[in-house]
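Participant: Starting off with a structure, shown below.
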Amino acid sequence: MSNVPAELKYAKSHEWVRDNGDGTVTVGISDHAQEQLGDLVFVELPEIGRAVKAGEECVVIESVKAAADVYSPLAGEVCEVNANLEGAPELINGDAYGDGWIFRLTGVAAGDLAGLMDADAYSAQLAAEE
Amino acid sequence: MGNHTPLYPNHLAAGGKIVDFAGWEMPLHYGSQLEEHHQVRRAAGMFDVSHMTVIDLSGARTQAFLQYLLANDVAKLKDSGKAIYSCMLLESGGVIDDLIVYYFDPETYRMVVNAATRDKDLAWITRHAAAFGVTVQERDDLAMIAVQGPQARDKVGQVIAAGLRDPIAALKPFFAEGSGDWLVARTGYTGEDGYEVMVPAAEAGGFWESLRQAGVAPCGLGARDTLRLEAGMNLYGTDMDESVSPLESGLGWTVAWEPTNRDFIGRQALAQQKTAGGLRRLVGLLLEDRGVLRNHLKVRLADGSAGEITSGGFSPSLGRAIALARVPATIGSECEVEVRGKWLRARVVKAPFVRGGQSCIDGLMVT
């Protein structure tokens, strides 16, 4: 059973969002998503300062078997990336919600964040996909 | 529901992630493909390869039949238990399958062919065997376990029947030794030392468990593919198929042109290809930029001509992206590969990339 922390918000495409309370949000992929991808071997991060739309591809993740896109769950501007992933993409496999975070956004509208799924809704989506 | 090998219950018990492979429900991995890969390079791992097709051939003219059927020449096999690798060709020179053939005596041979090609192989072999009066018997009563890695031979020796212990310890590469329906061959598909063991289906589960208790890690198809790519070994359906000849698949060395009077299926087409020239080569690529190489990516040469990656992936041993690519023979030491719309730099290298736990590429170490 995948880990779905209650305090996070989720996108249909399996990204999670944490509201940092300082005007920024942190984005990663869910435990379910990393498990489906398997061992990760490469992450291509977005450039800092890049403006992204909700649903826009902004990260490429490669596992031993395939490449996958990560979409920005929200519109905003990339203000920080997890550079540790360049040398250690497996951080996502080991700790998808902690050390395996991928990027941070600033300038996110509060209403957009509220529009994402909560943990219960995301868990229901995972159950339906089973 | 797909086909199950006799080891299917063992895969479920060990937590294998099961996927469909050519109609067989097989383990992709048991938790981490990368860990399984490293286990084989550093210690010992085992693979269920029972989905492969074992075919026994017998009859007075079996040797003549195989000399006609295969591009390599079974007349090279003079010692009982000796094996060779060969392609089986269409008249056009395209590869129907690649296989290993074991020699027992001039009237008795065994072939091991791929799983995905089972039906067409059996139909092709049976059709041509008739003229030679050769009996073709599929041995679906056997399972097959590949045990690979620097500790593989030692571990198998600890658990195999006492009567086979000394004979298999003395085996040279590409030789096999048997007892009853057991056959232990010093062959493999990982670039490591080890055995491929054919065992009666009813005894397979027990043998697998005894190997597990001896410390041999179950490994899935995922690790098998990254290991074989590092070892620079071709995969049927990916690096070669019916549309290309062994001469353009890095397998020219498996075609026995001598004696010149041996007529084998596809010989004429291969000879014509050689005369015509302009043959493409299968080369190794090492990605210099960051990224991962995948099957079917476009390769661009310095002279503007183009090729294609046939097998690409991430090398867990080297921590780099590697590939096999079919390219014009004009390729130099560098080329470019189109990865998601960008042209990345790659170095042209000679496969294998890794053998016997050591990097074969200058300047690179095994991680």
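The values are calculated or read from the model by the stated rules, or taken from the named source; none is laboratory data. Model, not experiment: these values are computed from the prediction. Ideal geometry is used to build each Cβ from the backbone, glycine not excepted, and the neighbour counts take in all protein chains shown. Heads up: the accessible areas ignore ligands, DNA and RNA and are worked out on the full protein's heavy atoms, side chains in. Shrake-Rupley method; radii C 1.70, N 1.55, O 1.52, S 1.80 Å.
Participant: Consider A:Asp31 against the criteria (1) over 25 Å from B:Arg340 (Cα atoms); (2) buried (at least 21 other Cβ atoms within 10 Å of the Cβ); (3) in contact with an Asp or Glu (Cβ under 6 Å, 6 or more places away or on another chain): it satisfies all of them except one. Which criterion is unmet?
Facilitator: Evaluating A:Asp31 over (1) over 25 Å from B:Arg340 (Cα atoms); (2) buried (at least 21 other Cβ atoms within 10 Å of the Cβ); (3) in contact with an Asp or Glu (Cβ under 6 Å, 6 or more places away or on another chain) leaves (3) as the failure.
Participant: Looking only at region B:348-367, how many residues end up being surrounded by 14 or more Cβ atoms within 10 Å (Cβ to Cβ), within 30 Å of B:Gln39 (Cβ to Cβ) and in contact with a Gly (Cβ under 9 Å, 6 or more places away or on another chain)?
Facilitator: Selection size over region B:348-367: 11.
Participant: To continue, here is another question. From the list A:Ala88, A:Ala67, which residue is more than 14 Å from the chain's Cα centre (by Cα), surrounded by fewer than 19 Cβ atoms within 10 Å (Cβ to Cβ) and farther than 16 Å from B:Gly291 by Cβ?
Facilitator: Numbers: A:Ala67 fails: farther than 16 Å from B:Gly291 by Cβ.
Answer to the check: A:Ala88.
Participant: Of all residues being in a loop (DSSP other than H, G, I, E, B) and either touching a Lys or Arg at 6+ places or on another chain (Cβ under 7 Å) or polar (S, T, N, Q) (or both) in region B:279-288, which is farthest from the other protein chains (Cβ to nearest Cβ)? Just the residue, please. Spell out the reasoning first.
Facilitator: Going residue by residue through region B:279-288, those that are in a loop (DSSP other than H, G, I, E, B) are B:279-280, B:288.
Filter once more, so that each one left must be either touching a Lys or Arg at 6+ places or on another chain (Cβ under 7 Å) or polar (S, T, N, Q) (or both): B:280, B:288.
Values: B:Arg280: 26, B:Glu288: 14 Å.
Applying the filter and picking the extreme gives B:Arg280.
Participant: List, please: which pairs have Cβ atoms under 6 Å, are six or more places apart or on different chains, and start with a residue in region B:5-19 that is under 15 Å from B:Ser210 (Cα atoms) and without any contact (Cβ under 8 Å) to a residue 60 or more places away in the chain and end with one that is open to solvent by less than 50 Å² (accessible area, probe 1.4 Å) and assigned to a loop (DSSP other than H, G, I, E, B)?
Facilitator: Qualifying pairs under 6 Å: none.
Participant: Moving to a separate point now. What number goes with the only condition from (1) buried (at least 19 other Cβ atoms within 10 Å of the Cβ); (2) of a type in the set (A, V, I, L, M); (3) outside any helix (DSSP H, G or I) that B:Ala129 does not pass?
Facilitator: (3)
Participant: Something else now. Please find, within region B:314-324, the residue that is nearest to the other protein chains (Cβ to nearest Cβ) out of those that are assigned to a strand (DSSP E or B) and surrounded by 24 or more Cβ atoms within 10 Å (Cβ to Cβ). Even if it seems obvious, please write down each step before you answer.
Facilitator: Step one: list which residues in region B:314-324 are assigned to a strand (DSSP E or B), which gives B:314-315, B:320-324.
Filter once more, keeping what is surrounded by 24 or more Cβ atoms within 10 Å (Cβ to Cβ): B:314-315, B:321-324.
Values: B:Phe314: 4, B:Ser315: 9, B:Ala321: 8, B:Ile322: 12, B:Ala323: 14, B:Leu324: 16 Å.
Here the residue is B:Phe314.
Participant: Shifting gears a bit: What do you reckon, is A:Ala51 more than 29 Å from B:His29 (Cα to Cα), more than 10 Å from chain B (Cβ to nearest Cβ) and in contact with a helix residue (DSSP H, G or I) (Cβ under 7 Å, 6 or more places away or on another chain)?
Facilitator: Working: more than 29 Å from B:His29 (Cα to Cα): yes; more than 10 Å from chain B (Cβ to nearest Cβ): yes; in contact with a helix residue (DSSP H, G or I) (Cβ under 7 Å, 6 or more places away or on another chain): no.
Against the criterion (more than 29 Å from B:His29 (Cα to Cα), more than 10 Å from chain B (Cβ to nearest Cβ) and in contact with a helix residue (DSSP H, G or I) (Cβ under 7 Å, 6 or more places away or on another chain)), A:Ala51 does not qualify.
Per-residue answers, yes or no, for (1) within 14 Å of chain B (Cβ to nearest Cβ); (2) out of contact with any Asp or Glu (no Cβ under 6 Å at 6 or more places or on another chain); (3) under 30 Å from B:Leu318 (Cβ atoms):
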position: A:Ser13; (1), (2), (3): no, yes, no
position: A:Gln36; (1), (2), (3): yes, yes, yes
position: A:Glu57; (1), (2), (3): yes, no, yes
position: A:Cys79; (1), (2), (3): no, yes, no
position: A:Ala83; (1), (2), (3): yes, yes, yes
position: A:Tyr97; (1), (2), (3): no, yes, no
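Participant: Kindly provide the set of residues from region B:187-223 that are closer than 19 Å to B:Val54 by Cα, open to solvent by less than 30 Å² (accessible area, probe 1.4 Å) and hydroxyl-bearing (Ser, Thr, Tyr), ordered by number.
Facilitator: Passing the criteria: B:Thr187, B:Tyr195.
Participant: Restricting the search to region B:289-308, which residues are open to solvent by less than 70 Å² (accessible area, probe 1.4 Å) and either closer than 20 Å to B:His37 by Cβ or within 13 Å of chain A (Cβ to nearest Cβ) (or both)?
Facilitator: Of region B:289-308, the ones open to solvent by less than 70 Å² (accessible area, probe 1.4 Å) are B:289, B:291-295, B:297, B:299, B:301, B:304-305, B:307.
The answer is B:Asp289, B:Gly291, B:Val292, B:Leu293, B:Arg294, B:Asn295, B:Leu297.
Participant: Please state which of the following conditions A:Met117 fails to meet, knowing it meets all the rest: (1) aliphatic (A, V, I, L, M); (2) crowded, with 20+ Cβ neighbours inside 10 Å; (3) touching a residue at least 60 places away in the same chain (Cβ under 8 Å).
Facilitator: Of the numbered conditions (1) aliphatic (A, V, I, L, M); (2) crowded, with 20+ Cβ neighbours inside 10 Å; (3) touching a residue at least 60 places away in the same chain (Cβ under 8 Å), the odd one out for A:Met117 is (2).
Participant: Take A:Ile92 and decide whether it is β-branched (Val, Ile, Thr), touching a residue at least 60 places away in the same chain (Cβ under 8 Å) and within 14 Å of another protein chain (Cβ to nearest Cβ). Let's see the steps before the verdict.
Facilitator: On the way: β-branched (Val, Ile, Thr): yes; touching a residue at least 60 places away in the same chain (Cβ under 8 Å): yes; within 14 Å of another protein chain (Cβ to nearest Cβ): yes.
Criteria met by A:Ile92.
Participant: Looking at region B:1-100, what strands (runs of 3 or more DSSP E) fall wholly within it and have at least 1 residues that are at pLDDT 95 or above and open to solvent by 20 Å² or more (accessible area, probe 1.4 Å)?
Facilitator: B:17-21, B:24-29, B:53-58, B:83-89
Participant: Also, quick follow-up: Looking at B:Val348 and the list (1) touching a Leu at 6+ places or on another chain (Cβ under 6 Å); (2) outside any loop (DSSP other than H, G, I, E, B); (3) in contact (Cβ under 8 Å) with a residue 60 or more places away in the chain, which single condition is not satisfied?
Facilitator: Condition not satisfied by B:Val348: (1).
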